[in-house]
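Below you'll find the structure, written out as C-alpha cells, and then a few comments.
The values are calculated or read from the model by the stated rules, or taken from the named source; none is laboratory data. Nothing here was measured: the structure is a model prediction, and the numbers come from that model. Here Cβ is always computed from backbone atoms with ideal geometry, including for glycine, and neighbour counts include all displayed protein chains. Each accessible area value is taken on the protein alone, full model and side chains, heavy atoms only, with ligands, DNA and RNA left out. Shrake-Rupley method; radii C 1.70, N 1.55, O 1.52, S 1.80 Å.
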Amino acid sequence: MGDDRTGKTRARTWPSAAPGRAGATVPVWLQGARGLTDLLSGWLRAWIAAEIAPGRLVIWLPVAFGIGVILYFAADREPFWWAALLATAAGVAAAIGLRNRAVGFPVALGLTAVAAGFAAATMKSQRISHPVLPAAVYVTALSGFVETREERERTDRIVIAVHTIEGSRLPVRPDRVRLSVRKGTAPPAGAFVSLRARLMPPLQPLRPGGYDFARDLYFQGIGATGFVLGAIRRIEPPRPPDLALQMTATISAMRDAIDARIRTVVPGDRGAIASALITGKRDAISAEVNDAMYVSSLAHVLSISGYHMAVVAGVIFFAFRAGLALVPALANRRAIKKWAAVGALTAATFYLLLSGAEIATRRAYIMTAIVLIGVMFDRSALTLRTIAVAALVLLLVAPEAIVHPSFQMSFAATLALIAVYERGLPWFSAVGETRLAMKVALWGGRELLALVVASAVAGCATTLFAAYHFHRLAPYGVLANLAAMPIVSAWVMPAGLLALITAPFGFDGPLWQLMGEGIARMTDVALWVSRLPGAVGRISAFGVAPLLLGTAGIVVLCLLRSPLRFGGAVLLAVACGFAATTRQPDVLVSADARMVAVRTDNGRYSVMSAAGGNGDAFTLRTWLAADGDGRQPGDESLSQDVRCDKAGCVVARGRGITIAQPHTPEAAAEDCERATVVIWSGAPSPAGCRAMLVDAAEIRASGAIALLHNGENEEDKNYEVIRARPRGQERPWMHNWTRNQTADRKAGAGTAAPTALPDVTPRTDDVAVEDP
C-alpha cells in the first residue's frame, strides 16, 4: 500500500523491482534476464488479477454466447438440435461441479455460454423451419393474408402468408412470400388477397464471401420472392386473421397513416426522411440523398437506434418531471423522478412498436429500458453491463442478428462510446475544475468536444464493419456529424416528437413543416460533404478472418481495463494487414452463368453478358463495389476489352489467356479447343474439353464462382475455384438442401431441375433494397 497527497492509501498495480542486499532497490537492467522476467510476470499477474476480479467476467458472457452463434453459422450442415442441447447441459453440469474452483468455474461457465449460443441458434432454426423454393416458378396462383406492406421509391412490396398456392412446376409450397407490386397498388396489412405471381428462390450470395440474402429471408420466414403478374384482388378471407396478425395490421395502419400525413405536409426527400425518423419507413428516400447520407457518414440518422431512442425517452422524461415539479405537493413528497422514468419507458415502448422494431431499435430499446429501470431503483445503469445484458437478450431472441450489419455496427459504436465514457468521464470532470475549462464550458466548448469525441469514436468503431459490408469509408464523417447532429438533436427530433404528440388534436402540420426545414439543412450538409474531393473512400472486399480478428480487437480494447487491452490494438493492426493483402478474383461468374467479369491487363473488370449489354445491374454494381471500383453498370469501359458475336463473347486477359462465354453448343466445342477458361450455361456440356470448364452443373451446385489465377506466369492455366456455396455445405436457406428438393404433395409434383440453367435473373427493383 502507498500514501497519496491526501494521506489516503491506495493499492499498487505496478509491482516494484526486487530490493538489493542493503534494502535499496536494484534497477531491473542490473538484475539480468531473470529479474526482467520476474518483473514482467509480476505485472502480468497483477493485470490478470484485475481483469478476473469479482464482477469483471460477467460482461464476457455475451461474447461467449455470440461465439456459439457464430459457430452455428459456420457449420457446413445443419446441427441436430438434441446435440446442441446435450452440449449445453454438459456445460451446465461441469460449471456446477467446478463452482468452487477459481479457474475451472469461469472456464466452464464460458464454454457453457458458447454451447448455449450454439443451441439458441439451432433451436431458432428448428422452430421457424419452413420450405424454401429451390427453382424459379414462372406462373403461380396464390392467396393469403398480407402481413406487411412497404412503400418504396419506384415500387411497393408486400409479404403474404400463403393460404393456397398452385403452379404447374411448383416443387415445394412456401409458407410466406415477398412480392414486388406496382407503385400505389399494395393492399394494406391484414387484407386477404388473391393474385398471380412469378416466384424465384431467395437471392443467394452474388459473389463468394458476399452477403447471404437467402439466409436473411429464411430467418424472416420467407421462402420465395418475386413479383405480381396482373391485378391484385381483395376477397373475403376463409377465416378471421389471428391475434398476432390483427395487432400487426393495427400497428401497420397507424404507421401508414402517420407516414401518409407526414409526406402530404412535407413532400419529397424531406418528408421521406421525416417519416423514416418517426415510423422507420426509409425506402422512399431518393438514391441521391441516400447515397449522400452514407458517403457523409450520416446514414445512422436514418436508422432508428440508440440516439433516437435516447432523444425520445429524454424529452418525455424531462417533460414529465418538469410538469410534476410544478405541483409542490407531488414534488416534495413523491419520487417524481421515478414517475418520469415510467412515462419515458412507456413512450420508448410506443416508439419501438411504431418504428417497426428493427435490430438496432430493439438494442436501443433494451438499453434504454435498463437505464430507466435503473432510475426507478436508484441504480446507475449506463455501464458495460448494460450493453452486455442488451446483447444477451437480443441474441437469445434473434441469434441470427449477429451476422447482420445493423447489429455489428450498432453494438460496436455503443460499446466503444460506453468504454470511452467510463474511462474518460473522470478526466473530463477533472479538467472542468480549472478556470480556463470553466470559460470554455460556458461557451459550449465541453458539448462541442463531447460531440467531436463521440463522432470520432463511433466512426472508428464502425469503420471495420462498414468496410466489410459496404466496401467504402467516410473520411469526412466527423465533419458531417459536427455540422448536422446539432440540427438533428435540437431541431429535427424535438419538432417531430411534438408533431406526433399534437397529431391527434390536429395541430401537427406546422410542426411537421418545421421538422422538414431542419431536415433540409441536414441533407444540405450531407450533399455538400459527399461532393468534397476524396469524400468516397473505396476499399476492396476482404474475407471473414480479418473481420473476426478486428472484432476481437475492438472487444479486447473496450472490455479490458488493464494494459492488456492494448493487445486489442495489435489484433486490429493484424486484421488491417490481412484485409489490405487480400487477393481479389481474376474472374467472377454469376449464379446463372449469364454474366462474367474478367480482370484485364489494366487491373479492372471487363464484363461479358449472355443477355447483352452489361448484364444484371444489381449484381454488377455489387461486384464493382467489392473490387473498390467506382464505375457504374452503364460505364462503357466495362465492355472495352470484350469481343462478341452471335456465337459468344471472349476476353483476352493476358499473353495467350482467354476467357470465353459461348452462346451455342458449336461455339462451346470450339472454345474448348482454343480458350483457357470456358463458361458454359447450356446443355449438354462439351465432352473432352481441353480448357478449364465451368458448366451448368458446377454453377448449380456452387452458385456464384470466383477464379484466382495461381500460375507463376500468365501462360499457366492453373485457376483456384472459390465457390459461394462450398461443396458439401447444406443449410436450410440453401437451394440444395434435401428438404427443398423434396416435392410437396399438397402443392403438386415437382420436376427435376433442367440440365441447362434458365434465365431467372432477379429483377433489380425486387432485390436492390436488400443491400445491407
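Ligands, DNA and RNA left out, the 1.4 Å accessible surface of the chain is 62% carbon and sulfur atoms. For the chain, taking a cut-off of 4.7 Å between Cβ atoms, the unpaired cysteines are Cys460, Cys558, Cys576. Residue separation of Leu40 and Ala141 scaled by 0.36 nm, minus their Cα-Cα distance, works out to 29.1 nm of gained length. Against the criterion of solvent-accessible heavy-atom surface with a 1.4 angstrom probe, Trp512, Trp60 sort, most first, into Trp60, Trp512.
With a Förster radius of 45 Å applied to the beta-carbon distance between Arg234 and Leu330, the computed FRET efficiency rounds to 0.30.
Label segment 281-327 by shape, choosing from rounded, prolate and oblate, from the square roots a ≥ b ≥ c of the eigenvalues of the Cα gyration tensor; if a/c is under 1.5 it is rounded, and otherwise prolate applies when a/b is larger than b/c, oblate when it is not. Cα axes put segment 281-327 in the prolate bin.
With a Förster radius of 30 Å applied to the beta-carbon distance between Asp601 and Glu666, the computed FRET efficiency rounds to 0.55. Gain on full extension, evaluated as 0.36 nm per residue between Leu482 and Thr582 minus their Cα-Cα distance, stands at 32.6 nm. Converting phi to 3J(HN,Hα) with the Karplus coefficients 6.51, -1.76 and 1.60 and the offset θ = phi - 60°, segment 558-572 yields 8, 8, 7, 10, 7, x, 4, 5, 5, x, x, 5, 5, 4, 5 Hz in sequence order, with x at every glycine or proline. Only loop residues by DSSP count here, and only those with at most 12 other Cβ atoms within 10 Å; note down the trypsin sites (Lys or Arg not before Pro) in segment 486-557 that meet that. Here the sparse-neighbourhood loop sites are Arg531.
For segment 266-272, 3J(HN,Hα) computed residue by residue from phi via the Karplus equation (6.51, -1.76, 1.60; θ = phi - 60°) reads 10, x, x, 5, 4, x, 5 Hz, glycine and proline entered as x.
Largest to smallest in accessible area, the residues Lys646, Lys124 fall in the order Lys646, Lys124 (1.4 Å probe, all protein chains included). Compared with the dominant principal axis of the Cα atoms in the chain, helix 445-470 is inclined by about 30°. Rg/Rh for segment 451-543 stands at 1.12; both radii use Cα atoms, and Rh follows the Kirkwood definition.
Relative to the dominant Cα principal axis of the chain, helix 509-530 is inclined by about 80°. Net charge of the neighbourhood of Leu560, taken over other residues with C-beta under 14 Å away and scored Lys/Arg +1, Asp/Glu -1, is +2.
Could you state, as a whole-number percent, how many of the C-alpha pairs of the chain are farther apart than 36 Å? Beyond 36 Å sits 53 percent of the P(r) for the chain.
Taking all Cα-Cα distances within segment 61-171, those exceeding 24 Å account for 52%. Counting only protein heavy atoms and a 1.4 Å probe, segment 488-554 has 45 square angstrom of accessible area per residue. Shown here is the pair-distance distribution of segment 241-397: with all Cα-Cα distances grouped in 5 Å bins from zero up to the longest one, the shares run 2, 9, 14, 16, 17, 15, 12, 9, 4, 1, 0, 0 percent.
When Leu86, Leu464 are compared by accessible surface with a 1.4 Å probe, the order from highest to lowest is Leu86, Leu464. Using C-alpha pairs below 8 Å separated by at least 6 residues, the relative contact order for segment 496-646 is 16 percent. Counting only heavy atoms of the protein chains and using a 1.4 Å probe, Ile128 has close to 30 Å² of accessible surface.
Between segment 33-93 and segment 641-664, the alpha-carbon centres lie 53 Å apart.
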